[in-house]
Amino acid sequence: MIKDGIFFDRRTLELRYQMPVKNIEPFFKGLEEGKIRATKCKTCGSIYFPPQIHCPRCNPGIMEWIDLDGDGKLETFSSIEIAPTSFQNEGKYIVAIGLLKEGVRALAWIDAKESDLRIGKRIRLVARKKDDAFTYVFNLVE
Ligand SMILES: [Zn+2]
């Protein structure tokens with residue numbers, strides 16, 4: 001179909017990609033073990049999630065791996081009605097930003113109904129297996 005000069009195809013495209021993760025492998029291993037890992041700069045104490053291997057403040061800084069508790073508070077959220085191409089099969093979903101108790105913010109999908117969400121509610125960032133990979137999501141803590 002052509003509409004307004006744009007060709008629309010109905011074929012489903014499978015997206016496959018490779019991403020080098022050697023430097024942050026402990027992060028992915030942690031998810032497999034049910035842990036949420038971040039990096040912390042031993043020089044200035046800054047915590048990075050997702051983890052970074054260098055501290056932009058100290059450049060490069062001396063980094064160490066830490067386990068985050070996962071406990072935090074909901075700062076904001078947005079319901080995604082029109083998903084990007086790579087998430088077309090997901091249906092409607094909600095992304096949230098939470099301030100974790102370690103003082104670092106995390107962006108993740110939240111597994112909750114929109115009507116149950118309120119800014120400031122307790123949430124918990126947890127590891128989860130999705131399809132054949134591990135990822136992380138927020139759960140609402142009642
Ligand atoms: Zn630093």
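A short reminder: the numbers here are calculations on the coordinates, not readings from a lab. Small disclaimer: the values here were computed from a predicted structure and weren't measured. Please note: Cβ atoms are built from the backbone with ideal geometry, for glycine as well, and neighbour counts cover all protein chains shown.
State the number of residues belonging to the stretch 20-53 that are assigned to a loop (DSSP other than H, G, I, E, B) and more than 9 Å from the ligand (Cβ to nearest atom). Let's see the steps before the verdict.
The initial filter retains those residues of the stretch 20-53 that are assigned to a loop (DSSP other than H, G, I, E, B), namely 20-21, 33-35, 42-46, 49-53.
Among the residues that remain, those that are also more than 9 Å from the ligand (Cβ to nearest atom) are: 20-21, 33-35, 49-53.
Qualifying residue count, the stretch 20-53: 10.
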List, please: which pairs have Cβ atoms under 9 Å, are six or more places apart or on different chains, and start with a residue in the stretch 90-105 that is touching a residue at least 60 places away in the same chain (Cβ under 8 Å) and end with one that is among the aliphatic types (A, V, I, L, M)? GLU102/ALA38; GLU102/ILE47; GLU102/ILE66; GLU102/LEU68; VAL104/ALA38; VAL104/ILE47; VAL104/LEU68
For the stretch 61-95: of the residues being assigned to a loop (DSSP other than H, G, I, E, B) and touching a Cys at 6+ places or on another chain (Cβ under 9 Å), which is nearest to the ligand (Cβ to nearest atom)? GLY61
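Return a yes/no flag: does the stretch 60-73 have any residue that is in contact with a helix residue (DSSP H, G or I) (Cβ under 8 Å, 6 or more places away or on another chain) and surrounded by 10 or more Cβ atoms within 10 Å (Cβ to Cβ). First the steps, then the outcome.
Filtering the stretch 60-73 down to residues in contact with a helix residue (DSSP H, G or I) (Cβ under 8 Å, 6 or more places away or on another chain) leaves 65, 67.
Checking which are surrounded by 10 or more Cβ atoms within 10 Å (Cβ to Cβ) leaves us with 65, 67.
The answer is yes; a qualifying residue exists.
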If SER115 meets every condition in (1) surrounded by 12 or more Cβ atoms within 10 Å (Cβ to Cβ); (2) more than 30 Å from ARG11 (Cβ to Cβ); (3) polar (S, T, N, Q) apart from one, which number is that one? (1)
